[in-house]
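Structure record follows, encoded as structure tokens.
The values are calculated or read from the model by the stated rules, or taken from the named source; none is laboratory data. Just so we're clear, the structure is a prediction, and the values are computed from it rather than from any experiment. Backbone-built Cβ (ideal geometry, glycine too); neighbour counts: all protein chains shown. Just the protein is used for accessible areas: all its heavy atoms, side chains included, with ligands, DNA and RNA removed. Shrake-Rupley method; radii C 1.70, N 1.55, O 1.52, S 1.80 Å.
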Amino acid sequence: MAEEKTFLLINTIPNSENTEAFQLYISRIIPIFQSYGGKAVGRYKTLEQVMGDSGIKASAIFEFPSAGSIKEMIAGEEFNSLNELRKKAYKKVDLMICNSL
């Protein structure tokens, strides 16, 4: 049986008043994702929200080897060393571990 793909789904509201922090955060988080086996599937900008009221402005999907690798990354020192920068770069960040239905 083939191993099921695992994805990290990221929904965000970037802080439009601090684009410098946003760009710096992206430049630092991508290598961390990669070090845990994360591969970008895509990054998306919301054009129009047609249902709901979450206000999500940007989403990204990364494929990882397993849910465990994502959890290990999130608990790790490298990821958590970006907490303050993340707070400056985003008004809201939601992370979800997902797989195919």
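Matching residues to (1) within 18 Å of residue 94 (Cα to Cα); (2) part of a strand (DSSP E or B); (3) touching an Asp or Glu at 6+ places or on another chain (Cβ under 8 Å):
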| site | (1), (2), (3) |
| --- | --- |
| 7 | yes, yes, yes |
| 12 | yes, yes, yes |
| 17 | no, no, no |
| 24 | no, no, no |
| 30 | yes, no, no |
| 33 | yes, no, no |
| 44 | yes, yes, no |
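Among the residues of region 35-46, write down those that are surrounded by fewer than 18 Cβ atoms within 10 Å (Cβ to Cβ) and under 12 Å from the mean Cα position of the chain (by Cα). Within region 35-46, 39, 40, 41, 42, 43, 44 meet the criteria. Scanning region 58-101 for residues that are among the aromatic types (Phe, Trp, Tyr) and in contact with a Ser or Thr (Cβ under 7 Å, 6 or more places away or on another chain) gives 64, 90. Considering only residues in region 87-101 that are part of a helix (DSSP H, G or I) and in contact with a helix residue (DSSP H, G or I) (Cβ under 6 Å, 6 or more places away or on another chain), the one that is surrounded by the fewest Cβ atoms within 10 Å (Cβ to Cβ) turns out to be 88.
Residue-level analysis places residue 61 outside the set of residues that are part of a helix (DSSP H, G or I), surrounded by 13 or more Cβ atoms within 10 Å (Cβ to Cβ) and of a type in the set (A, V, I, L, M). Among the numbered conditions (1) at negative phi; (2) open to solvent by 40 Å² or more (accessible area, probe 1.4 Å), the only one that residue 52 does not meet is (1).
Residues checked against (1) of a type in the set (A, V, I, L, M); (2) more than 19 Å from residue 15 (Cβ to Cβ); (3) at pLDDT 95 or above:
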{"residue": "62", "(1), (2), (3)": "no, yes, yes"}
{"residue": "67", "(1), (2), (3)": "yes, yes, yes"}
{"residue": "71", "(1), (2), (3)": "no, yes, yes"}
{"residue": "77", "(1), (2), (3)": "no, yes, yes"}
{"residue": "80", "(1), (2), (3)": "no, yes, yes"}
{"residue": "91", "(1), (2), (3)": "no, no, yes"}
{"residue": "97", "(1), (2), (3)": "yes, yes, yes"}
{"residue": "100", "(1), (2), (3)": "no, yes, no"}
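Cβ-Cβ distances below 6 Å connect the following pairs, each with a first residue in region 32-59 that is touching a residue at least 24 places away in the same chain (Cβ under 8 Å), a second residue that is among the hydroxyl-bearing types (Ser, Thr, Tyr) and in a loop (DSSP other than H, G, I, E, B), and a separation of six or more residues or different chains: 56/46; 57/46.
Within region 70-86, the residues that satisfy the criterion of being in a helix (DSSP H, G or I) and without any contact (Cβ under 8 Å) to a residue 40 or more places away in the chain are 71, 72, 74, 75, 77, 80, 83, 84.
Inspect all residues belonging to region 8-31 and state whether any of them is over 16 Å from residue 58 (Cβ atoms), modelled with pLDDT of 95 or more and buried (at least 18 other Cβ atoms within 10 Å of the Cβ). No: zero hits.
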